[in-house]
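A.B. asks: Got a structure for you, questions after.
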Amino acid sequence: MPSAKEVEEALSHVLVPGIGRSLTQLNMIRAVDAANDKLKITLASTALDPAVQDWVQAKARGELEKLHDMKEVGIEFVEAKPQELNRIDHVLAIMSGKGGVGKSLVAGLLAVGLNRMGYEVGILDADITGPSIPRMFGLAVRPTGSDTGILPVLSRSGIEIMSINLLLPQEDDAVIWRGPLIGKAIQQFWEDVLWGKLDYLIVDLPPGTADAPLTVMQSLPLSGVVIVFSPQELAAMVVRKAVRMAREAMHIPILGVVENMSYLVLPDTGKKLELFGKSRADEMAKAAEAPLLGQIPIDPEIARLCDQGNIERYDSEVVNSLAQAFLGTVRDKAE
């Protein structure tokens, strides 16, 4: 008789239409019962409409019938809420005290770096009124699902993404909502989206310290916060506000800080030019009582690739070093 592990391996070849992740990755296997050459599998029907359920059932049966020449394979579906299926090891918020410092860029680069290292990663774009994650990743398809849940969209390299921009008729449509509606949308992206099994879910917060970031900090089980800033004096001042909100008001650990637009490398000489003034990286790390995870330069290549929707093609040591520094901090916190 096949073991539960063998069943999971077989069902890892069944990719759910609309997202391209397997039944195993989405944690949709609810029960395995094998006896007397008969195999009965129970799957969650979450986010699957009837037509997709029929397709999944046929595909799963085909894979399972290959196991030990099973004489009878039964597959049934049961209802389950997305939150019952989601197994996310770490939920990380990317935060900034003000807009325009590259918070979404850091969220995207960190997701790309972790994905390249073999981790299962998702991005929840909680910046409802200024979403930019879909454009960076070149995504224009609408999420699929049913009345029981929503499936995120998969990027080219396999990063799960959910953003309000993926639900709008046009990506440049304005979302003119008051705070409570924005907070409700963020909660739905957490509660109603089938993320499945993830090592890291990166939450791209709205800038500032108002209702929307507060909603995330109160309603999501955050493992910690990474704070993004730029070298300007004004940015440094508002970073301190974000630090106080996260650490003192919400009691959420700050895992590290990232300085964006830190310098420009002159192509002819290789000299670093600090366009926005002297770096405040060490000062901000000290204020946050957290490690400096990285200093991201002003790189025209980043801007070009993000505008083209090709952030996943960015080839720089910045991506790897950011992910490695973050993982080192997570390990230190765990110990």
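The values are calculated or read from the model by the stated rules, or taken from the named source; none is laboratory data. Remember, predicted model here, so these are calculated numbers, not experimental data. Cβ sites come from the backbone with ideal geometry, for glycine too, and all protein chains shown count toward neighbours.
A.B. asks: So for the range 309-316 (the condition being within 21 Å of Ser104 (Cβ to Cβ), modelled with pLDDT under 95 and not basic (Lys, Arg)), does at least one residue qualify? Spell out how you get there, then give the answer.
C.D. replies: First pass over the range 309-316, keeping only residues within 21 Å of Ser104 (Cβ to Cβ): 309-316.
Checking which are modelled with pLDDT under 95 leaves us with 315-316.
Then keep just the ones that are not basic (Lys, Arg); that gives 315-316.
Yes: one or more hits.
A.B. asks: Just one of Arg61, Arg87 is at negative phi and at pLDDT below 95; which is it?
C.D. replies: Details: Arg87 fails: at pLDDT below 95.
Step by step, each of Arg61, Arg87 is checked, and only Arg61 is at negative phi and at pLDDT below 95.
A.B. asks: Here's something else I'd like to know. Here is a check on your reading of the model: is Asp49 on the phi > 0 side of the Ramachandran plot and modelled with pLDDT under 95?
C.D. replies: Values: on the phi > 0 side of the Ramachandran plot: no; modelled with pLDDT under 95: yes.
In short, no.
A.B. asks: Moving to a separate point now. crowded, with 16+ Cβ neighbours inside 10 Å, among the charged types (D, E, K, R) and out of contact with any strand residue (DSSP E or B) (no Cβ under 9 Å at 6 or more places or on another chain), is that true of Glu259? Walk me through how you get there before you give the answer.
C.D. replies: Numbers: crowded, with 16+ Cβ neighbours inside 10 Å: yes; among the charged types (D, E, K, R): yes; out of contact with any strand residue (DSSP E or B) (no Cβ under 9 Å at 6 or more places or on another chain): no.
For Glu259, the condition - crowded, with 16+ Cβ neighbours inside 10 Å, among the charged types (D, E, K, R) and out of contact with any strand residue (DSSP E or B) (no Cβ under 9 Å at 6 or more places or on another chain) - is not met.
A.B. asks: Hey, any hits in the range 88-96 for a residue that's in contact with a Lys or Arg (Cβ under 9 Å, 6 or more places away or on another chain), among the charged types (D, E, K, R) and within 26 Å of Lys184 (Cα to Cα)? Don't jump to the end; show me each part of the working.
C.D. replies: Step one: of the range 88-96, the residues in contact with a Lys or Arg (Cβ under 9 Å, 6 or more places away or on another chain) are 88-89, 94-96.
Subsequent filtering for residues that are among the charged types (D, E, K, R) retains 89.
After this cut, where a residue has to be within 26 Å of Lys184 (Cα to Cα) as well, the list is 89.
Scanning the range 88-96 turns up at least one residue that is in contact with a Lys or Arg (Cβ under 9 Å, 6 or more places away or on another chain), among the charged types (D, E, K, R) and within 26 Å of Lys184 (Cα to Cα).
A.B. asks: Specify which of the listed residues (Leu273, Leu293) is in the same structural domain as Gly100 (by TED's automatic domain parsing), more than 24 Å from Gly256 (Cβ to Cβ), out of contact with any Asp or Glu (no Cβ under 6 Å at 6 or more places or on another chain) and of a type outside the set (D, E, K, R).
C.D. replies: On the way: Leu293 fails: more than 24 Å from Gly256 (Cβ to Cβ).
Answer to the check: Leu273.
A.B. asks: A further question follows. Do we find that Arg304 is at pLDDT 90 or above and among the charged types (D, E, K, R) in this structure? Spell out the reasoning first.
C.D. replies: On the way: at pLDDT 90 or above: yes; among the charged types (D, E, K, R): yes.
Against the criterion (at pLDDT 90 or above and among the charged types (D, E, K, R)), Arg304 qualifies.
A.B. asks: Taking the stated definitions as given, is Val203 at pLDDT 85 or above and crowded, with 22+ Cβ neighbours inside 10 Å? Spell out the reasoning first.
C.D. replies: Details: at pLDDT 85 or above: yes; crowded, with 22+ Cβ neighbours inside 10 Å: yes.
It is true that Val203 is at pLDDT 85 or above and crowded, with 22+ Cβ neighbours inside 10 Å.
A.B. asks: On to the next question. Working only within the range 314-335, note down all residues that are in contact with a Leu (Cβ under 6 Å, 6 or more places away or on another chain) and farther than 19 Å from Val265 by Cβ.
C.D. replies: Within the range 314-335, Ala323, Ala325, Phe326, Thr329 qualify.
A.B. asks: Okay, moving on. Failed condition for Leu275, given (1) in contact with a Phe, Trp or Tyr (Cβ under 9 Å, 6 or more places away or on another chain); (2) farther than 30 Å from Ala185 by Cβ; (3) modelled with pLDDT of 90 or more; (4) loosely packed, with under 15 Cβ neighbours inside 10 Å, with all others met?
C.D. replies: (3)
A.B. asks: If you don't mind, another one. Could you check, for the range 176-194, whether at least one of its residues is touching a Pro at 6+ places or on another chain (Cβ under 8 Å), surrounded by 22 or more Cβ atoms within 10 Å (Cβ to Cβ), assigned by TED's automatic domain parsing to the domain that holds Ala107 and at pLDDT 80 or above?
C.D. replies: For the range 176-194, residues touching a Pro at 6+ places or on another chain (Cβ under 8 Å), surrounded by 22 or more Cβ atoms within 10 Å (Cβ to Cβ), assigned by TED's automatic domain parsing to the domain that holds Ala107 and at pLDDT 80 or above: present.
A.B. asks: Could you count how many residues in the range 300-323 are surrounded by fewer than 16 Cβ atoms within 10 Å (Cβ to Cβ) and within 25 Å of Ala242 (Cβ to Cβ)? Give the steps one after another, and end with the answer.
C.D. replies: Kept after step one, since they are surrounded by fewer than 16 Cβ atoms within 10 Å (Cβ to Cβ), are these residues of the range 300-323: 300-301, 303-304, 307-308, 310, 313, 315-317, 320-321.
Filter again for within 25 Å of Ala242 (Cβ to Cβ), leaving 303, 321.
Total satisfying the criteria: 2.
A.B. asks: The conditions are (1) in contact (Cβ under 8 Å) with a residue 24 or more places away in the chain; (2) over 16 Å from Lys103 (Cα atoms); (3) of a type in the set (A, V, I, L, M, F, W, C), and Ala334 fails exactly one of them. Which is it?
C.D. replies: For Ala334, the exception is condition (1).
A.B. asks: Going through the range 259-279 one residue at a time, which ones are more than 23 Å from Arg240 (Cβ to Cβ) and aliphatic (A, V, I, L, M)?
C.D. replies: Pass one, the range 259-279, residues more than 23 Å from Arg240 (Cβ to Cβ): 264-273.
Within the range 259-279, Leu264, Val265, Leu266, Leu273 qualify.
A.B. asks: In this structure, does Asp173 turn out to be more than 15 Å from the chain's Cα centre (by Cα) and either at pLDDT below 90 or outside any loop (DSSP other than H, G, I, E, B) (or both)?
C.D. replies: On the way: more than 15 Å from the chain's Cα centre (by Cα): yes; either at pLDDT below 90 or outside any loop (DSSP other than H, G, I, E, B) (or both): yes.
Yes: the conditions hold for Asp173.
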